[in-house]
Amino acid sequence: MGDQGARSVVVGVDGSEAASDAVRWAADEAARSHLPLRLVAAVEWVTPHRIGATGLEPPDVREAVVTTAEGWLADARTLAEDAAPSPEVQTQVRGGTPAAVLHQESADAQLVVVGHRGRGRVSGLLSGSVAVAVAASARCPVVVVRGTATANGPVVVGVDGSMVSEAALSYAFATASARRAGLVAVHVWNDSTVDTADWALRDRDAIEATEHEVLAERLAGWSEKYPDVAVEPLIVRDDPASVLVDHAATAQLVVVGSRGRGSVRGTLLGSVSQALLRRASCPVAVVRP
């Protein structure tokens, strides 16, 4: 059982099939981690403004919207309990925009789980843009559930040497250890990630040997901390997003940082993370430092 006051696994609920998949995944994760499961439905008041209107919603409109959301939560609780009984299941309807509500929830959460798409802006919670917004701004790791996880597949993590990828490595090793899974650590290099002077002074084999050394150094400390995790280091010269999307086909989870060393300064979610949220065939964890 989790400790009293333990951080929860929070999952966004909107009655969509994608949200149902997220609930099942989150229930399994909460049970595995012995953490409370928190089901949250966000609702927005959408009555059009009229001249002279007070801005308040008619009580019957509010009641109907809340009743619908409570129905989503009741169904989600049943799904969660059938998937994997957790130590504790909490439910709450919260007012506000979906992204804002889940951002607030992330401050006290161990993990936020969302579906990759939902019912849309007006009536639902997890449109694709919301999943991206939550992954970009949450204060804890975010898992976007999409595709089908390979039950016995490895955890795959993208490593680029940045501080953000260090946070991703930490989460990936801990997750692989908890799931008794192998870990594939993927480091992708190409012309844009190597100093142009190196190309002039060294051949491709020499550059690749250096990249192997860099990856080995990044993994060494984590392998000491998690000796139970079998690690497969992988060095590839290619496009990072394409390589990780390919490996998602046989993975149970792909883990990436929210942005990499190639991202534009100030960008909240890097191109690799965004590509995985659109194209990966298994759940994707996005980890911010």
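So which of 279, 259 is under 19 Å from the mean Cα position of the chain (by Cα), surrounded by fewer than 19 Cβ atoms within 10 Å (Cβ to Cβ) and modelled with pLDDT under 95? Please lay out each step first, then the result.
Details: 259 fails: surrounded by fewer than 19 Cβ atoms within 10 Å (Cβ to Cβ).
Matching residue, one of 279, 259: 279.
So in the range 10-29, with the set limited to residues that are in a helix (DSSP H, G or I), acidic (Asp, Glu) and more than 13 Å from the chain's Cα centre (by Cα), which one is nearest to residue 283 (Cα to Cα)? Give the derivation first.
We begin by selecting, within the range 10-29, every residue in a helix (DSSP H, G or I); these are 17-29.
The next check asks that each one be acidic (Asp, Glu); those that pass are 17, 21, 28-29.
Those still in the list that are more than 13 Å from the chain's Cα centre (by Cα) too: 17, 21, 28.
Details: 17: 15, 21: 10, 28: 13 Å.
Going through the qualifying residues, I end up with 21.
Among the residues of the range 147-170, what is the count of those that are modelled with pLDDT under 95, buried (at least 24 other Cβ atoms within 10 Å of the Cβ) and in contact with a Cys (Cβ under 9 Å, 6 or more places away or on another chain)?
Qualifying residue count, the range 147-170: 0.
Give me a count of the residues in the range 46-80 that are modelled with pLDDT of 85 or more, farther than 15 Å from residue 95 by Cβ and of a type in the set (Ser, Thr, Tyr).
Within the range 46-80, residues that are modelled with pLDDT of 85 or more, farther than 15 Å from residue 95 by Cβ and of a type in the set (Ser, Thr, Tyr) number 1.
Considering the range 3-43 alone, what residues qualify as being of a type in the set (Ser, Thr, Tyr) and over 13 Å from residue 91 (Cβ atoms)? Quick ask: steps written out before the conclusion?
Going residue by residue through the range 3-43, those that are of a type in the set (Ser, Thr, Tyr) are 8, 16, 20, 33.
Residues satisfying the conditions are 16, 20, 33.
What pairs come out if I take residues in the range 73-89 that are touching a residue at least 24 places away in the same chain (Cβ under 8 Å) and pair them with residues that are among the acidic types (Asp, Glu) and open to solvent by 50 Å² or more (accessible area, probe 1.4 Å) whose C-beta lies under 8 Å away, six or more apart or interchain?
That search, which allows pairs on different chains as well, returns 83/28; 84/28; 89/81.
With the requirement that a residue be closer than 19 Å to residue 69 by Cβ and either among the hydroxyl-bearing types (Ser, Thr, Tyr) or open to solvent by 30 Å² or more (accessible area, probe 1.4 Å) (or both), what does the range 100-112 give you?
Filtering the range 100-112 for residues closer than 19 Å to residue 69 by Cβ gives 100-105, 112.
Within the range 100-112, 100, 103, 104 qualify.
If I ask for residues that are without any contact (Cβ under 8 Å) to a residue 60 or more places away in the chain and within 22 Å of residue 24 (Cα to Cα), which ones from the range 141-176 would you list?
174, 176, listed by residue number.
Return a yes/no flag: does the range 220-229 have any residue that is on the phi < 0 side of the Ramachandran plot, assigned to a helix (DSSP H, G or I) and open to solvent by less than 40 Å² (accessible area, probe 1.4 Å). Explain how you work it out, then say what you get.
Of all residues in the range 220-229, those on the phi < 0 side of the Ramachandran plot come to 220-229.
Checking which are assigned to a helix (DSSP H, G or I) leaves us with 220-225.
Okay, now just the ones that are also open to solvent by less than 40 Å² (accessible area, probe 1.4 Å), so none.
Checking the range 220-229: not a single residue is on the phi < 0 side of the Ramachandran plot, assigned to a helix (DSSP H, G or I) and open to solvent by less than 40 Å² (accessible area, probe 1.4 Å).
Would you pick out the residues in the range 66-87 that are within 13 Å of residue 29 (Cα to Cα) and either under 21 Å from the mean Cα position of the chain (by Cα) or open to solvent by 60 Å² or more (accessible area, probe 1.4 Å) (or both)?
To start, the set of residues in the range 66-87 that are within 13 Å of residue 29 (Cα to Cα) comprises 80-81, 83-87.
Once the filter is applied, which keeps residues that are within 13 Å of residue 29 (Cα to Cα) and either under 21 Å from the mean Cα position of the chain (by Cα) or open to solvent by 60 Å² or more (accessible area, probe 1.4 Å) (or both), the range 66-87 yields 80, 81, 83, 84, 85, 86.
The values are calculated or read from the model by the stated rules, or taken from the named source; none is laboratory data. Please read all numbers here as calculations on a predicted model, not as lab measurements. Neighbour counts are summed over all protein chains in view; Cβ atoms, including those assigned to glycine, are modelled from backbone coordinates with ideal geometry. Accessible surface areas use protein heavy atoms only, side chains included; no ligands, DNA or RNA. Shrake-Rupley method; radii C 1.70, N 1.55, O 1.52, S 1.80 Å.
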